[in-house]
Every structure is written in structure tokens, then in C-alpha cells.
Amino acid sequence: MENILECRGLVKFFPNCLALNNVDLTVPKGRIVGLLGPNGSGKSTLIKLANGLLTPTQGTILVDGKEPGIETKKIVSYLPERTYLTEWMTVQDMLDLFNDFYADFNIAKARDMLARLNIQTKARIKTMSKGTKEKVQLILVMSREAQLYLLDEPIGGVDPAARDYILNTIIANYNENATVLISTHLISDVEQILDDVIFINQGSVVLTSSVDDIREKQDKSVDALFREVFRC
Ligand SMILES: Nc1ncnc2c1ncn2[C@@H]1O[C@H](COP(=O)(O)OP(=O)(O)OP(=O)(O)O)[C@@H](O)[C@H]1O
């Protein structure tokens, strides 16, 4: 199986809203892919479908050739839009929870990343700033040895200085057969680490391309192309 993610004729209707409209998409293994589009374009919906949190109205979505379910959850590490850390717990409690819950959790890697960002394991989640909580959540998610990382807005609340560290962490901590799908609006920050991009608008995929092709053939940055395609 060459593709970690495949969508065929994927449709998702919410009441009064067509969130995904007949999406055909393949995401190969071993790539870092940006899922880029304006507000409400369907990025989170696609990620939730891949993660089994939503079910398709029509069409199929396959992760490593299987419909999302117990088997795919073993190989998918998901960072949601909002953190789900338990407020009364300490960082150490969260480490223990992930360690118990996920067979592929690498606690040494998580401790190392926390130390580099000066986050104390004895700190209680509820005492942390929004950005620090986001860092902790991302570290937990990236410390799994997963095959597919689904990161929904991973650096939205994090200060610019920490963004670079976090992006480097993403590159450094995934194995080369794994795939990272990152939904973000912060394109200029993220494009340095992307191999491919998917542009999505009003529930339809409007462009898929490698970043090299955008730079070489169109002589543009991904950020410049995004602004051109989605100009209001
Ligand atoms: N649970 C829901 N019920 C009804 N409509 C929904 C629901 N979730 C999403 N939608 C709608 O589906 C469309 C796509 O939403 P989605 O959250 O996937 O967009 P997005 O690209 O992630 O947006 P953003 O960049 O603002 O996070 C939007 O019009 C949104 O209002």
C-alpha cells in the first residue's frame, strides 16, 4: 500500500452545509503535506473523517487501505484544533496516560522535547498558558511512533520563536515512512517543511502539487500562490 490516505468521491453534509464535495485525493507515504484553505473550507472535516470522528455521507476514505476504525487508530496520531489535556492533571500524569494508552508512545522522546522547551513535568495543566498547553499537546502527539500524523492547526497559538522549534521537531521526530498532514493558515511559517500541498476551497480540492513544482514551475512561494488563488 503506497498511499496512507485515499479519498474517493468523498462527501460530507452537515445540516444546511456541504462541507466536502466529492473529494478525490491520495496522500502517499513518507510525505509532509500541507492542507491549506480559507476558513470553513473543510480542512478539519477531512481530518476528522480520516480519524473516524465523523463518517462520510457518501464515498470512501481509507487510511492505509482500511476504513477508519480500531485498526487505523493504532497508526494515526491526531492533534485536534483544541487541546484536550485534562486540566487538573500534571504534565507527568499526561505522559503516563499516553504511555498506558498508546503502544507506540515514546516517553523518552516526549521528556526530551519537554525539557528543550523548558516545560516542567510536575507543572499542572491548568496553570499553563494557552501556547504552552499547545506545545505539550503537540509533543504528546509527535511522541507516538505513528504512521500518519493528522495535525489540525498545530502552531496557531504558539509564539514565533517556538514555532521554528516545533516545526523542526515535527521533521526530526517522524520516521521517513510516516506521513504528516498539517492544516494551517500560517503558510509562510510552515512551507519550509512541506513536501506537498493540497489547496481546498468550499469543500473541493482545487490544487494538489509538490512544493518544488510550485517554486520551480510557477516561481512562487506557497504563501504567494495561496494568496493568489484565494484572493477575496
Ligand atoms: N458539526 C457541524 N455542524 C454543522 N456544520 C459544520 C459542523 N462542522 C463543520 N461545519 C461546517 O462545515 C464547513 C467546513 O468546516 P471545517 O471546520 O471543516 O472548516 P475548516 O477549513 O477547518 O475551517 P477553519 O480554517 O476556520 O478551521 C463550515 O461551513 C462549517 O461551518
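None of the figures in this text is laboratory data; all of them are computed from the coordinates on show. Remember, predicted model here, so these are calculated numbers, not experimental data. When we count neighbours, we look across all protein chains shown, and the Cβ atoms used for this are built from the backbone with ideal geometry, even at glycine.
Structure values in brief
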read-out: With Cα atoms, 0 to 90° folded angle of helix 160-172 axis to the chain main axis; value: 80
read-out: Long-range HN-HN contacts of Lys220 with modeled amide H, under 5 Å; value: Arg215
read-out: Gaussian network model of the chain, Cα within-10 Å springs - most flexible of Asp152, Asp196, Asp93; value: Asp93
read-out: Within straight-line cross-link reach of Lys122, aspartates and glutamates at Cα separation under 19 Å, skipping those fewer than 8 residues along the same chain; value: Glu87, Asp93, Asp96, Asp100, Asp112, Glu134
read-out: Built amide H within the under 5 Å cut-off of Tyr149, gap 5+; value: Ser77, Thr179, Val180, Leu181
read-out: Dipole of segment 153-208, positive direction: furthest Cα of Ile193, Leu167, Gly156, with charges on the beta-carbon; value: Gly156
read-out: Stokes-Einstein D (µm²/s) once Rh is taken as the Kirkwood radius of segment 124-215 over alpha-carbon pairs, at 25 °C in 0.890 mPa s; value: 171
read-out: From phi via Karplus (6.51, -1.76, 1.60), per-residue ³J(HN,Hα) for segment 23-36 in Hz, x at Gly/Pro; value: 8, 10, 7, 10, 10, x, 5, x, 10, 10, 10, x, 9, 10
read-out: Asp195-Lys66 FRET efficiency (beta carbon distance; Förster radius 22 Å; 0.05 resolution); value: 0.40
read-out: Likely footprinting exposure, Lys109, Lys130, Lys43, Lys220, fewest C-beta neighbours within 10 Å first; value: Lys130, Lys220, Lys109, Lys43
read-out: Most fluctuating residue given options Leu148, Leu85, Leu46, as computed from a GNM of the chain linking Cα atoms under 10 Å; value: Leu85
read-out: Sequence-distant residues sharing a close amide H with Ile4 (under 5 Å, placed H); value: Val27, Lys29
read-out: Among beta bridges that DSSP assigns inside the chain, antiparallel share in %, nearest 5; value: 55
read-out: Angstrom value of the Kirkwood radius, inverse mean 1/r, which spans all Cα pairs in segment 3-229; value: 18.0
read-out: Degrees separating the helix 107-116 axis from the principal Cα axis of the chain, which is the longest one; value: 90
read-out: Rounded tilt (10° steps) of 130-142 against the dominant C-alpha axis of the chain; value: 80
read-out: Residues of type lysines that Lys48 reaches as a straight line, Cα spacing below 25 Å, ignoring anything fewer than 8 places off in the same chain; value: Lys12, Lys29, Lys66, Lys73, Lys74, Lys130, Lys133, Lys135
read-out: Residue order, fewest to most surrounding Cβ atoms within 10 angstrom, among Thr179, Thr90; value: Thr90, Thr179
read-out: Computed over the chain: relative contact order in percent, which uses C-alpha pairs under 8 Å that are six or more apart; value: 27
read-out: Under the Karplus curve 6.51 cos²θ - 1.76 cosθ + 1.60, θ = phi - 60°, whole-Hz ³J(HN,Hα) for segment 199-213, x wherever Gly or Pro sits; value: 9, 10, 9, 6, x, 10, 7, 9, 7, 10, 7, 7, 5, 4, 4
read-out: Simple spin-label estimate for Gln92 and Leu207 in nanometres, 7 Å along Cα-Cβ; value: 5.0
